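Enquirer: My structure is below; once you've seen it, I'll send some questions.
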Amino acid sequence: MSPCLVALPDSPPEPSEPQASAGEAVPLMLVRVGGRWFALAARMVEQVAVKGAVTRVPTAARHVLGVTGLRGGLLPVVSLEQMIGTVGPTTPGLATTLPRLVVVRAGECEIALVVDEIRGIIDDLPAGATAVPSGAGRPAFLAQEFEWQGRQVGVLDVAQLVAAAAQTPGGA
Amino acid sequence: MSTLVLRAKLILAFTLVIAVVTVCFAGYLLVQQERIAGAALVTRATGITGVLAKLVTPAMEVDDRKGVSDSLAAVRDHADLRYVVVMKSSGEVYERQSAVSLAPGEELHDNSPQERVVQTRGGLLHVFVPLASKGNQWGTLVAGFSRQSIDDAIRSSQVALLGGAFFILLIGAGVAWLMSGNIARPIRSVAKRLTRLSRDLVDSARSQESAGMQQAAGIEQTRHSMELVLASAQQIAERSSAVLGNAERTVAGNRDVALRIKELDSHAEKAAEILVAIMQVADRTDLLALNAALEGTKAGEAGRGFTLVAAEMRRLAESVMESVAGIRRLMNDMRTASHVAVQAGQEGIALSEETTRSARDIALVTQQQRRATEQVGQSMDDMAATVTDAMARTRQTAANAAELAAAAVQLGTLVDSGRLTPAPVAVVEPASLRSGAAADGSKR
């Protein structure tokens, strides 16, 4: 298990929601997992890469697919779909590319998220972004959502996401 | 020339035979009777003359003329005795007695015989008996007997014989009548039967000939039909050969098409591999552009140009990926179409091979049909020859039957109203025979 994910359980990171402070744009990277779209703070993304071979780690959590080698190091590969739940089937007509890995960093911890598509980077959070109502089914790392080109896009908090990846029952 | 019925001829023949036999028998009887009567007369004459000689001889010995006369007078009234003359040895007539009607010269005076001599001369029976006793011949007794008794006997026999012959003739004629009836009736019956049978035979031969002609016509029609079938079979064989050729060419063409499609498929796979490589390059380029955009975003304002270039690169990559995806879709469509074409080609090959096999089977069956048709034609020829032979035999039978009928008619004519020299009866052939013979001659 990645020491990054092991060190997080007792000290969940603070939420790092993109702040729409006056005059400061928050670039967001739009990604698709299954039929749902999500946005990540671009500054939290280290890089994107092609999902290569993932080595399964025994006794790892279900959402932890394994580890992969990238830029000379090993990174845990996390399934966003497993963490979020039902994401729906891929809508026909969406551009199909090779599965991607979005390497995000929260402090000293880096994880690679598996996504189906990376649409691109938008300059800022749209003005109509709304908060996702809290409830039993709402993940902690999913706080806002907005509409973009007719699609509902959920804004992921990377720190919360990384913490959630470490806190899911079954993690080492 | 008188016309005689066969029966009358038979009666006449029988009657003639009986008459001839009767006449012959009557003549024989007359002859026999004359002989017998003559022998009886001779016997009587010799007996009488013997007795007279015995009576006269003693008188002659003593020269007793009266005694001799009395002896002669004893037989004077004999019916047959015409004269009696006693002559001495010297030739002198010693005593004589004769019938009144005796003609001169009928008496014979001859004393030369030394023994009894019987002569027939001049219609009388002369008996010369020497009168001898004690070794001395005193003279000769000559008696003449009339043959009237013989003539009377013959005459009476002739009457009886004539009557008997006539009676026999009548009986014979009646028997002949009966026998001729027993002969003519069966002959007439046989003649009628022969006529009927020969006519039936002619009719049968005619019907057989008609049936044979119908059979020959049927055989000819069958042969014509078989020739049509053979011609059709030949056309089918030619068409099937053409179909076979087309099928074989189609098979070759389909195999060539399949080969070409396989080559296209191979090229498509290579193109797909190249597309995969291009896709990977495009994908890498996209990722590179994304990373570049990320770095540019993180650089803030200073990295805006870099971000723009990265965005362009992403669009270029996306365009390439879209083109690759489109090409891939197009190639998938092409591959699908080629697979369908290959499948269709294989189905066409299978169908063409099936057609080829069917065409070969048709050719084989047609060949067998042609051979069978030729055999049937040969059999038809054999049957036609057999029918022709049978018709010839039938015609011969009909001719024989006609001749038999003519002979039967002739026989019947002879029985009923025949001629002494019957005219030849023409043998009339049935019209069908004449026409059949003519047709047979023209066919040959």
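Enquirer: Hey, what's the Cα Rg ratio for the range B:199-417 versus the globular rule of thumb, 2.2 N^0.38 Å? Don't skip to the end; give the middle numbers.
Expert: Values: Rg = 45.6 Å, N = 219, 2.2 N^0.38 = 17.1 Å.
Rg over 2.2 N^0.38 Å, computed on Cα atoms: 2.67.
Enquirer: Calculate, in whole percent, how much of the Cα-Cα pair population of chain B lies beyond 38 Å. Spell out each step's value before the answer.
Expert: Values: 71504 of 98346 pairs.
Cα-Cα pairs of chain B separated by over 38 Å account for 73 percent.
Enquirer: To the nearest µm²/s, what D does Stokes-Einstein give for the range B:371-413 at 4 °C and 1.567 mPa s, using the Kirkwood radius over alpha carbon pairs as Rh?
Expert: The Stokes-Einstein estimate is 103 µm²/s.
Enquirer: Now a separate question. Helix-only mean residue ellipticity at 222 nm, chain B, DSSP H runs n ≥ 4 weighted -39,500 (n - 2.57), per residue, nearest 500. What is it?
Expert: Calculated mean residue ellipticity at 222 nm is -29500 deg cm²/dmol.
Enquirer: What full-extension length gain, to one decimal in nm, is calculated for B:Ser358 and B:Leu16 as 0.36 nm per residue of separation minus the Cα-Cα distance?
Expert: The B:Ser358-B:Leu16 span can extend by a further 113.3 nm.
Enquirer: Still on this structure, please answer the following. Which distance in nm do the two modelled labels at B:Ser90 and B:Gln234 give, with both placed 7 Å along the Cα-to-Cβ direction?
Expert: Label at B:Ser90, label at B:Gln234, 14.5 nm between them.
Enquirer: Let me ask another. Efficiency by 1/(1 + (r/R0)^6): what FRET value for B:Ser112 and B:Asn182, r their Cβ-Cβ distance, R0 = 60 Å, to the nearest 0.05?
Expert: Numbers: r = 68 Å, r/R0 = 1.13.
After rounding to 0.05, the efficiency reads 0.30.
Enquirer: Would you work out which of B:Ala299, B:Leu228, A:Val48 lies farthest towards the positive end of the dipole of the protein assembly as shown, given +1 charges on the beta-carbon of Lys and Arg and -1 on that of Asp and Glu, about the Cα centre?
Expert: It is B:Leu228.
Enquirer: If you line up the long axis of helix B:431-443 against the longest principal axis of chain B, both from Cα atoms, how many degrees apart are they, to the nearest 10?
Expert: Result, in degrees: 50.
Enquirer: Quick one: helix B:6-61 against the long Cα principal axis of chain B, what's the angle to the nearest 10°, folded into 0 to 90?
Expert: 20
Enquirer: Given Cβ point charges of +1 (Lys, Arg) and -1 (Asp, Glu) and nothing else, what value in debye, to the nearest 20, does the dipole of the range B:199-417 about its Cα centre take? Show your work: numbers first, answer last.
Expert: Values: 23 positive and 30 negative charges, 148 e Å.
Using Cβ point charges on Lys, Arg, Asp and Glu, the range B:199-417 gives about 700 debye.
Enquirer: In nm, to one decimal, how far is the modelled label at B:Glu312 from the one at B:Arg371, with both set 7 Å along Cα→Cβ?
Expert: My value for the distance between the label points is 8.7 nm.
Enquirer: Considering the options B:Val42, B:Ala405, B:Ile171, tell which one lies farthest towards the positive end of the dipole of the protein assembly as shown, charges being +1 on Lys and Arg and -1 on Asp and Glu at the Cβ, about the Cα centre.
Expert: Of B:Val42, B:Ala405, B:Ile171, it is B:Val42.
Enquirer: Now a separate question. Could you work out the longest stretch of chain B that avoids the GluC sites (Glu not before Pro) located in DSSP loops with at most 10 other Cβ atoms within 10 Å?
Expert: Maximal segment without exposed cleavage sites: B:116-300.
Enquirer: If I take R0 = 25 Å and measure r between the Cβ atoms of B:Asn332 and B:Asp256 in this structure, what FRET efficiency does the formula 1/(1 + (r/R0)^6) give, to the nearest 0.05?
Expert: Given R0 = 25 Å and the Cβ-Cβ separation, E is 0.50.
Enquirer: Taking the alpha-carbon set of the range B:236-357, what are its Rg and Dmax in Å?
Expert: 25.8, 90
Enquirer: Quick check: Cα centre of the range B:245-286 to Cα centre of the range B:1-74, how many Å?
Expert: Here the answer is 157 Å between Cα centres.
Enquirer: So which lysines pass the test for B:Lys88, namely a Cα distance under 26 Å, with those fewer than 8 places away in the same chain ruled out?
Expert: Filter leaves B:Lys54, B:Lys66, B:Lys134.
Enquirer: I would also like to ask the following. Which residue, chosen from B:Ala359, B:Ser71, B:Leu29, occupies the Cα position most advanced towards the positive end of the dipole of chain B, where the dipole is computed from +1 (Lys, Arg) and -1 (Asp, Glu) charges on Cβ about the Cα centre?
Expert: Final value for the positive-end residue is B:Ser71.
Enquirer: Under unit Cβ charges (Lys, Arg +1; Asp, Glu -1), what dipole magnitude, rounded to 20 debye, does the protein assembly as shown have relative to its Cα centre?
Expert: I would put it at about 3420 debye.
Enquirer: Over the whole of B:287-296, what's the average partner chain Cβ count within 10 Å per residue? Rounded to a whole number, please.
Expert: 5
Enquirer: Using unit Cβ charges (K, R positive; D, E negative) and no other charged atoms, how large, in debye to the nearest 20, is the dipole of the range B:31-161 about its Cα centre?
Expert: Details: 14 positive and 15 negative charges, 37 e Å.
Once rounded to the nearest 20, the dipole reads 180 debye.
Enquirer: According to a simple spin-label model (label point 7 Å from Cα along Cα-to-Cβ), what is the distance in nm between B:His224 and B:Leu288?
Expert: In this crude label model, B:Leu288 to B:His224 measures out at 9.4 nm.
Enquirer: Next up: Starting from the Cα gyration tensor of the range B:201-298, multiply each eigenvalue by 5, take the square root, and state the resulting semi-axes largest first in whole Å. Mind dumping the intermediate values first?
Expert: Numbers: eigenvalues 1588, 31, 6 Å².
Rounded to whole Å, the semi-axes are 89, 12, 6.
Enquirer: Next question, about the same structure. What does the average come to when, for each residue of peptide B:79-92, you count the partner chain Cβ atoms lying within 10 Å of its Cβ?
Expert: That average works out to 0.
Enquirer: Let me ask something else about it. In µm²/s, what is D for the protein assembly as shown at 10 °C and 1.306 mPa s, where D = kT/(6 pi eta Rh) by Stokes-Einstein and Rh is the Kirkwood radius from Cα pairs?
Expert: The estimated diffusion coefficient comes to 37 µm²/s.
Enquirer: Let me ask something additional. Rank B:Met87, B:Met179, B:Met213 by mean-square fluctuation in a GNM of chain B with C-alpha springs under 10 angstrom and give only the top-ranked residue.
Expert: Looking only at B:Met87, B:Met179, B:Met213, the biggest GNM fluctuation is shown by B:Met87.
Enquirer: Same structure, new question: Taking the convex hull of the Cα atoms, report for the range B:6-146 its projected area averaged over all directions, in nm². Walk me through the numbers on the way to the answer.
Expert: Working: hull surface 42.7 nm².
With every direction weighted equally, the projected area is 10.7 nm².
Bear in mind that the values in this text are calculations on the coordinates, not laboratory data. Quick caveat: nothing in here was measured; it's all calculated off a predicted structure. Glycine gets a Cβ as well: all are built from the backbone with ideal geometry, and neighbour counts include every protein chain shown.
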